[in-house]
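Here the structure comes first, spelled out in structure tokens, and everything after it is commentary.
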Amino acid sequence: MNNPIEIKRLLYTNFLTLFLASVLYSPCIFAHKEITPYNLPDRAITRLGKGIVKEIEFAADGTRFAAATSIGIWLIDPISYQPITLLRKHNHIVKHISFSSEGNLLASSGKDNTVHLWNAKTGEHIQQYGPSPPIINITFNTDGNILAIVDHSGKVRLLDIDSGMDKDIHQDQAVVTTPIWSIAINRNSLTIAFGQADNTISVIDTYLKKQTRILQGHSKLPHLAAYSPNSNLLASAGMDSTIRLWNTDIGELNHTLILNNEAVTALSFSPDGKILSSGSYTGNISLYDTHLRKLRYIYPIHQNGVTHIALSPDMRTGASAGRDNTIRIWEVFSGNQIHTFDDYFGEFHCFTSSDDGKTIITAGNDRNICFWNSDTGTIQNKFKKNRMNYVFDIAITPDEKTIVTANSANVICLWDVDTGIEKKVIRGHDDYVLCVDISADGKTIVSGSKDKTIRIWYAETGENFRVLTGHDESVSSIAYSPDGKTVVSGSTDKTARLWNAETGDQLQVLNGHDGNVSSVAYSPDGKTVATIDNTPNIYFWDVETGEQKKIISGHERRINSLAYRPDGKTIVTGSSNGNVTLYDVNTGLVQQTFEGHKGMVNFVAFVSDGKTVVSTANDGIVYLWNTASTPPN
């Protein structure tokens, strides 16, 4: 072909074909287009974290990886590791998922006791079933046309996917006793194995509607179980530090693996059934050859306990979730880690923020401190302190150079914001330090403890110069007045108390609460203290006289946290039903309610400009909410 015009036309055609192919079929481009903005709740600006992982699974065709979490189901591209979409139909935590054998359907069940069916390729919602009694497992059969649904009583529903009709099979309670400690479903025969409190495993034939085997061998509870995908081989892990392999057709024990007192926290077969993987509380993952019946590999994957494992259909990669709040991808036959998701898959305990609200600082169950960009929802920096104890409360000094944490080692820790170096450890309390606050001038720190005392410290030296006593139970909340001259404390003795921060004298006892005082806050002018007591009530007290000024009651459920807006006209609360609510302080009327959390809201705060509210709940999410009167476009 020598014609220049034809050559140019051919080059152009090839270029256009390649360009369109890259746009239409690139996983990364498709992913970014589909996930924005991750199905944020109404009026939410940013979401920090991806939720707490409850289950993970690869699609049989290898094109999808799914993670069931406390906020929904993340569909992830297993090649680019990019989220494709977040599936949100459940009203509560998603606990179980199952791909059909062809990988085109995904079923999910949640704490809302419903089952949802999804198109696994597009993320389109197909159907909802239920609600029903609490569900403990779901599994597609090999053909993908029946979904087995097992509830907490041992009752089994076999749902026909084509017709949407189901059949109830009631198990004899003499056969399946509650509580059920573990469960595994055979995809081929829909035989179900139940781990029982008497340390046995009952094997039930769902079609014959009867128990076929009782497996005896564990000396302690069989708390985990898994069926091989293509045979009658059952693996069970017990609290006796053993893994046992059973032939459930004949009820015979094939092999026992002794684990040297290492507790098993996750159990899963490979898609071909040749490898059994187990996770431990130390973060190790072990791979066993089920034919040779021997240990093949032990990989140190996580920094903390492993919670879930799944192996890819091609057997090249494994995925695991751990208590270090990560999902990791690793090579099956080398243990080399290929990818660690930068997202946060775990629970937040508390947070604080920079004065401009652009950085949110969190502490969670991974025992690390994370710095988040509040605009992008991404982690900017992390203090990887693997030995850090449980952090109950966190604060930042006014110059934003130091982080102060209260933790379960009975100490207060000071961390350099720039370097992450632990600058100082302050000791003096005899039990857990539950709460901390910093004076407005940054010179002193006040702390409350389970030892019933309040202590005031010099921030520079860590010297304890005041011990305030008077509470009869744990001090659960503490706050400095805006001028730093007084302190208010809340306790599980159902009182709040006002103290002179300079002399340590008790000024007032605020009686009249119906429950434990879990959160306290000064109004910006320092004249009023607001308290809550794990009821739907908000109490307002006169600082000078200690008299109760009024009570606002608006929540349907108990309130767990509160904070004033900087102008003092509005107060924000977080409740056990997952709602974040703004009240007019003068009238007591509800101004706004933000719905989106799928768990109890533990902490709330205003950013200094008063336009944004930050909240976290036990669903493993921090939300930033726009409180402007006109909803954002």
Compare the Cα positions of Leu468, Gly490, Tyr458 along the charge dipole of the stretch 458-497 (+1 at Cβ of Lys, Arg; -1 at Cβ of Asp, Glu; about the Cα centre) and return the one farthest towards the positive end.
-> Gly490
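Quick check: from the Cα gyration tensor, does the stretch 69-122 come out rounded (a/c under 1.5), prolate or oblate?
Numbers: a/c = 2.33, a/b = 1.39, b/c = 1.67.
Verdict is oblate for the stretch 69-122.
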Show the residues, 5+ positions off or on another chain, whose built amide H is closer than 5 Å to the amide H of Thr570.
-> Arg565, Val585
Count of lysine pairs in the stretch 127-228 with Cα atoms under 17 Å apart, counting only pairs 8 or more residues apart in sequence or on different chains?
-> 5
In whole percents, the bins of 5 Å from zero upward hold the Cα-Cα pairs of the stretch 474-549 as 3, 19, 32, 28, 14, 4, 0
Among Leu589, Ile478, Thr627, the residue whose Cα sits farthest towards the positive end of the charge dipole of the chain, when +1 is placed on the Cβ of each Lys and Arg and -1 on the Cβ of each Asp and Glu, is Thr627
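I'd like the FRET efficiency for Asp314 and Gln337, computed as 1/(1 + (r/R0)^6) with the beta carbon distance as r and R0 of 22 Å, rounded to 0.05.
Values: r = 18 Å, r/R0 = 0.81.
The pair Asp314/Gln337 has a calculated efficiency of 0.80.
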So for the stretch 271-313, what are the equivalent ellipsoid semi-axes in whole Å, largest first, each being the square root of 5 times an eigenvalue of the Cα gyration tensor?
-> 19, 12, 7
What is the magnitude of the charge dipole of the stretch 460-570 about its Cα centre, with +1 placed on the Cβ of each Lys and Arg, -1 on the Cβ of each Asp and Glu, and no other charges, expressed in debye to the nearest 20?
-> 420 debye
Against the rule of thumb 2.2 N^0.38 Å, how large the Cα Rg of the stretch 272-419 comes out | 1.26
When the Debye formula is applied to the Cα atoms of the stretch 229-269, each taken as the same point scatterer, what base-10 log of I(q)/I(0) results at q = 0.19, 0.22, 0.24 Å⁻¹?
-> -0.56, -0.71, -0.81
Enumerate the whole-percent occupancy of each 20 Å bin, from 0 to the last occupied one, for all C-alpha pair distances of the chain.
-> 18, 44, 30, 7, 1
Packing rank of 203-212, 302-311, where each peptide gets the mean count of other beta carbons within 10 Å, highest leading | 302-311, 203-212
Sorted by chain and then number, the residues having a modelled amide H within less than 5 Å of the amide H of Thr317, at least 5 places away or on another chain, are Ser312, Val332
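May I ask you to give the solvent-accessible area per residue for the chain, in square angstrom, as obtained with a 1.4 angstrom probe? Mind dumping the intermediate values first?
Values: 27230 Å² over 633 residues.
Counting only protein heavy atoms, the per-residue value for the chain is 43 Å².
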Per the Kirkwood formula on distinct C-alpha pairs, the Rh of the stretch 170-328 is how many angstrom?
-> 15.8 Å
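Taking the Cα centre of the stretch 193-270 as origin, sum charge times position over the Cβ atoms of Lys and Arg (+1) and Asp and Glu (-1), and report the length of that vector in debye to the nearest 20.
160 debye
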Give me the lysines in straight-line cross-link reach of Lys294: C-alpha distance below 22 Å, same-chain residues under 8 apart excluded.
-> Lys274
Reachable aspartates and glutamates from Lys382, criterion Cα separation under 15 angstrom, eight or more residues apart if same chain | Asp324, Asp342, Asp343, Asp366, Asp416, Asp418, Glu422
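In square nanometres, what is one fourth of the surface area of the convex hull spanned by the alpha carbons of the stretch 276-341? It would help to have the intermediate numbers written out before the result.
Numbers: hull surface 16.2 nm².
Quarter of the Cα hull surface area: 4.1 nm².
Using a 1.4 Å probe over the heavy atoms of the protein chains, calculate the carbon and sulfur portion of the accessible area of the stretch 559-633 as a whole percent. Can you show the working numbers first?
Details: 1240 of 2640 Å².
It is 47 percent, rounded to a whole number.
Once fully extended, how much extra length lies between Asn247 and Ser189, figured as 0.36 nm per residue of separation less the alpha-carbon to alpha-carbon distance? Please report the intermediate quantities before stating the final value.
Working: separation 58, 0.36 × 58 = 20.88 nm, distance 1.36 nm.
Using 0.36 nm per residue and subtracting the Cα-Cα distance, I get 19.5 nm.
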Want the number for Asp430 to Ser408: 0.36 nm per residue separation, take away the alpha-carbon distance, what's left?
-> 6.9 nm
Could you run the Karplus curve 6.51 cos²θ - 1.76 cosθ + 1.60 with θ = phi - 60° over the stretch 194-204 and give me ³J(HN,Hα) per residue in whole Hz, x for Gly and Pro?
-> 10, x, 10, 5, 8, 6, 9, 10, 8, 10, 10
Once you treat every alpha carbon in the stretch 401-484 as an equal point and sum by Debye, what is log10 I(q)/I(0) at q = 0.14, 0.22 Å⁻¹?
-> -0.42, -1.03
What angle do you read, to the nearest 10 degrees and between 0 and 90, between the alpha-carbon axis of helix 4-25 and the longest principal axis of the chain?
-> 70 degrees
Among Tyr297, Val433, His92 - extreme Cα towards positive end, dipole of the chain, charges at beta-carbon | Tyr297
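With the Cα gyration tensor of the stretch 35-141 giving a ≥ b ≥ c as the square roots of its eigenvalues, does the rule (a/c under 1.5 for rounded; else a/b larger than b/c for prolate; else oblate) give rounded, prolate or oblate? Don't skip to the end; give the middle numbers.
On the way: a/c = 1.71, a/b = 1.07, b/c = 1.59.
Oblate, since a/c reaches 1.5 and b/c is not below a/b.
Work out how much length Glu473 to Thr545 would gain on full extension: take 0.36 nm times their residue separation and subtract the Cα-Cα distance, in nm to one decimal.
Values: separation 72, 0.36 × 72 = 25.92 nm, distance 2.38 nm.
Going from the current span to full extension adds 23.5 nm.
The values are calculated or read from the model by the stated rules, or taken from the named source; none is laboratory data. Quantities reported herein were computed from a predicted structural model and do not represent experimental measurements. Cβ coordinates were reconstructed from backbone atoms using ideal geometry, including for glycine residues, and neighbour counts include every protein chain displayed. The accessibility values were calculated without ligands, DNA or RNA, using every heavy atom of the protein model including side chains. Shrake-Rupley method; radii C 1.70, N 1.55, O 1.52, S 1.80 Å.
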